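Notes follow once the structure below has been shown.
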Amino acid sequence: MNNCVLFSIPGNELLCHSLTELLHVQQGEAIIRHFPDGETYVKVISNVYEKEAIIVCSLHHPDNKILPLYFLAKTLKEFRASSITLVAPYLAYMRQDKRFTDGECISSDLFARLISGFVDKLITIDPHLHRRTSLNEIYSIHTSVLHASPLISKWIKENIQNAVLIGPDSESEQWVSKVAEDAGAPFIVLEKIRKGDRNVQVSVPQVEKYQNHVPVLVDDIISTAHTMIETIGHLKKADMKPPICIGIHPVMASRAYDKLLKAGAEKIITCDSIIHPSNGIKVDELLADEICKNCFVVD
Ligand code: R5P
């Protein structure tokens, strides 16, 4: 592992530091800053000749990070790093995966093509594969997709007694059922009953059975929090207790965190794939294991 060196894009220093400690590898030195006119300056200080370079950069607010990331990766390659691995616990631009209206850019494809053009490998956690089955459909480089569900199950087991997991819709069933099984807890999935074109009712199945349980909402992303806020509304109507909301990626756009608390969440817990005050589940060991297994052979 001493042939490996880890760099971080600003904002990712904590995770980069934990990974260097867990992996006992060298922390790379680079200066990444802005000129007064806002342009990006990058200088690589560490020797990377024939070393495997790993760049840690969670891609929340990706537009600010993509250029420093590109400049760093390309400069490391110019200085003859043998490979570049991007560790992006949160992978952005996964949602615009089709043209919803004429003329739209399919940004998930283009972003994947951009990243594939300057890194050799990508390690990420639970990317939002909505209409796709695999990252390989859009990324042409080697990708490793890790899952936070075992970490979430463990957190639930250790912290919540008498939990019932709640899936907001049928799409979430596969995932919620797995987390529930590993946490040794029951689960229910909200049911949509269509009464007409504009009249959809949502019911909480077996509600009487779970009224004394602690509801736990689990989702991959909390962005505007609308999905969770709406689900809380249904739980309230069904006289269930205030839920614990667990999200893997706390994107938390437009004061989503405050809105979710105000809507009645008892507590909000997230993975630290994106740094946020709600972080309670660490992903560093998950990533370190994968780097260990995977990072030292380029396909
Ligand atoms: C949807 O397909 C996702 O799994 C999440 O439910 C969604 O991205 C959450 O977004 P928001 O917090 O904006 O409702």
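Residues that are in contact (Cβ under 8 Å) with a residue 60 or more places away in the chain: which strands (runs of 3 or more DSSP E) entirely in the range 114-213 hold 1 or more of them?
The qualifying strands (runs of 3 or more DSSP E) are 121-125, 142-146, 163-167.
Taking the stated definitions as given, is ILE84 assigned to a helix (DSSP H, G or I) and in contact with a strand residue (DSSP E or B) (Cβ under 9 Å, 6 or more places away or on another chain)? If you could, list the steps in order and put the result at the bottom.
On the way: assigned to a helix (DSSP H, G or I): no; in contact with a strand residue (DSSP E or B) (Cβ under 9 Å, 6 or more places away or on another chain): yes.
So ILE84 fails the test.
Tally the residues that are over 18 Å from ILE275 (Cβ atoms) and out of contact with any helix residue (DSSP H, G or I) (no Cβ under 8 Å at 6 or more places or on another chain), restricting the search to the range 71-98. Please lay out each step first, then the result.
First pass over the range 71-98, keeping only residues over 18 Å from ILE275 (Cβ atoms): 71-85, 93-98.
Next, only the ones that are out of contact with any helix residue (DSSP H, G or I) (no Cβ under 8 Å at 6 or more places or on another chain) stay: 71-83, 98.
Going through the range 71-98 one residue at a time, the tally reaches 14.
Tell me the strands (runs of 3 or more DSSP E) entirely within the range 243-287 that contain at least 2 residues that are away from the ligand (no atom under 14 Å from the Cβ) and surrounded by fewer than 19 Cβ atoms within 10 Å (Cβ to Cβ). Give the steps one after another, and end with the answer.
Details: elements: 244-250, 267-271, 279-281.
Strands (runs of 3 or more DSSP E) meeting the threshold: 279-281.
Out of the range 87-113, which residues are closer than 21 Å to ILE222 by Cβ, open to solvent by less than 60 Å² (accessible area, probe 1.4 Å) and not in a helix (DSSP H, G or I)?
The answer is ALA88, PRO89, TYR90, LEU91, ALA92, MET94, GLN96, ASP97.
Looking for something among the aliphatic types (A, V, I, L, M), out of contact with any strand residue (DSSP E or B) (no Cβ under 8 Å at 6 or more places or on another chain), farther than 25 Å from VAL179 by Cα and not assigned by TED's automatic domain parsing to the domain that holds ASP272 - is there at least one such residue anywhere in the range 112-121? If you could, list the steps in order and put the result at the bottom.
Here is the first cut: in the range 112-121, the residues among the aliphatic types (A, V, I, L, M) are 112, 114-115, 119.
Restricting the remaining residues to those that are out of contact with any strand residue (DSSP E or B) (no Cβ under 8 Å at 6 or more places or on another chain) gives 112, 114.
Subset that is farther than 25 Å from VAL179 by Cα: 112, 114.
Narrowing further to those that are not assigned by TED's automatic domain parsing to the domain that holds ASP272: 112, 114.
Looking for residues that are among the aliphatic types (A, V, I, L, M), out of contact with any strand residue (DSSP E or B) (no Cβ under 8 Å at 6 or more places or on another chain), farther than 25 Å from VAL179 by Cα and not assigned by TED's automatic domain parsing to the domain that holds ASP272, one finds at least one in the range 112-121, hence yes.
Residue under question is ILE221, and the condition is that it be within 13 Å of the ligand (Cβ to nearest atom), within 20 Å of HIS276 (Cα to Cα) and in a strand (DSSP E or B); does it hold?
Values: within 13 Å of the ligand (Cβ to nearest atom): yes; within 20 Å of HIS276 (Cα to Cα): yes; in a strand (DSSP E or B): yes.
The answer is yes for ILE221.
Have a look at VAL214, VAL189, VAL204, VAL176 and point out the one that is within 16 Å of the ligand (Cβ to nearest atom), over 20 Å from the mean Cα position of the chain (by Cα) and not small (Gly, Ala, Ser). Steps first, answer last, please.
Working: VAL214 fails: within 16 Å of the ligand (Cβ to nearest atom); VAL204 fails: within 16 Å of the ligand (Cβ to nearest atom); VAL176 fails: over 20 Å from the mean Cα position of the chain (by Cα).
VAL189 is the lone residue from the list that is within 16 Å of the ligand (Cβ to nearest atom), over 20 Å from the mean Cα position of the chain (by Cα) and not small (Gly, Ala, Ser).
The values are calculated or read from the model by the stated rules, or taken from the named source; none is laboratory data. Keep in mind the model is a prediction, meaning the values are calculated, not measured. Glycine gets a Cβ as well: all are built from the backbone with ideal geometry, and neighbour counts include every protein chain shown. Calculation scope for accessible area: heavy atoms of the full protein, side chains included, ligands and nucleic acids excluded. Shrake-Rupley method; radii C 1.70, N 1.55, O 1.52, S 1.80 Å.
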